[in-house]
Amino acid sequence: MAEIDVWLPRKLRFLREPHRYKVLYGGRGGIKSWSIAQSLLIAGGKQDLRIPCARETMQSIRESVHQLLEDQITRLGMKGEYEVQKAEIRHRHRNTSFTFHGLRDQSVHNIKSLEGADILWVEEAQNVSKKSWRTVIPTIRKPGSEIWVSFNPELETDDTYQHNCRIYPTRSFVSNTRARARPRPTSWRPKRLILLTIRARTTASLGAWQWPDRG
């Protein structure tokens, strides 16, 4: 089986690097979603990965990134590697799976079923509520697990981007896909930076996660 790779713009090459949080925002040309989908499909062909794909609400599978992933499987010539099922996408030779979830629609029990995830992809994250973030972030706690976030800024009141990133730079990387400048780690704060804030005050119970006020 030939190894498949894709070209990524320089500002998105951090998707191939280990970071706890990977945040892509801005722009509406599809570069965020395409780059994430292709990167995850290729990664899932190299190692066993459990990849839930989530959004705030999902009334049907058609509202998820299921179709996008199926399209990218075709584009990458990976039909022989992935089996596209009605509500799940599985690798034919590895224990890699893509599942689809609505965060607001999940009960506490179902949210906890995400605990074994390797990578959580939250698409259209501008709609994700503070309550959903508070629930799902400490749930994705497998060693080495990552949370990938993609969104288009809309309103300043949206919970996802009304705060600034305050995660340690070594654990987080953000990129404005519309900007021409080279992205920098989250220690760099542009004047109008609109990004996800997740402040983790680690405790033994993982219970002290909170969203700080903007400052």
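The values are calculated or read from the model by the stated rules, or taken from the named source; none is laboratory data. Because the structure is predicted, anything quoted here is derived from the model rather than measured. Glycine gets a Cβ as well: all are built from the backbone with ideal geometry, and neighbour counts include every protein chain shown.
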Task: Residue in the stretch 27-80 that is modelled with the lowest pLDDT, counting only those that are among the small types (Gly, Ala, Ser) and surrounded by fewer than 18 Cβ atoms within 10 Å (Cβ to Cβ) - done: GLY29
- [ ] Could you tell me whether GLN126 is free of Cβ contacts under 8 Å to residues at least 40 places away in the same chain, of a type outside the set (A, V, I, L, M) and not in a strand (DSSP E or B)?
- [x] yes
TODO: Determine, yes or no, whether SER129 is at pLDDT 65 or above, polar (S, T, N, Q) and under 14 Å from the mean Cα position of the chain (by Cα).
DONE: no
Task: Selected residue (criterion: surrounded by the fewest Cβ atoms within 10 Å (Cβ to Cβ)) from residues of the stretch 16-26 that are in contact with a Lys or Arg (Cβ under 9 Å, 6 or more places away or on another chain) and part of a strand (DSSP E or B) - done: TYR21
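Are any residues in the stretch 67-91 touching a strand residue (DSSP E or B) at 6+ places or on another chain (Cβ under 7 Å), assigned to a helix (DSSP H, G or I) and not charged (D, E, K, R), and if so, which ones?
So in the stretch 67-91, the residues touching a strand residue (DSSP E or B) at 6+ places or on another chain (Cβ under 7 Å) come out as 69-70, 73, 81-83, 87-91.
Checking which are assigned to a helix (DSSP H, G or I) leaves us with 69-70, 73.
If the condition is that a residue be touching a strand residue (DSSP E or B) at 6+ places or on another chain (Cβ under 7 Å), assigned to a helix (DSSP H, G or I) and not charged (D, E, K, R), then LEU69, ILE73 are the ones that fit.
Of ARG134, ARG62, ARG141, which residue is assigned to a helix (DSSP H, G or I), basic (Lys, Arg), out of contact with any Gly (no Cβ under 7 Å at 6 or more places or on another chain) and in contact (Cβ under 8 Å) with a residue 60 or more places away in the chain? Steps first, please.
On the way: ARG62 fails: in contact (Cβ under 8 Å) with a residue 60 or more places away in the chain; ARG141 fails: assigned to a helix (DSSP H, G or I).
Within the list ARG134, ARG62, ARG141, the selection yields ARG134.
I'm trying to understand the selection: among the residues of the stretch 106-123, which are assigned to a loop (DSSP other than H, G, I, E, B) and either surrounded by fewer than 14 Cβ atoms within 10 Å (Cβ to Cβ) or at pLDDT 90 or above (or both)? Spell out how you get there, then give the answer.
If we filter the stretch 106-123 for residues that are assigned to a loop (DSSP other than H, G, I, E, B), which is where we start, we get 106-107, 113-118, 123.
Answer for the stretch 106-123, where residues must be assigned to a loop (DSSP other than H, G, I, E, B) and either surrounded by fewer than 14 Cβ atoms within 10 Å (Cβ to Cβ) or at pLDDT 90 or above (or both): SER107, GLU115, GLY116, ALA117, ASP118, GLU123.
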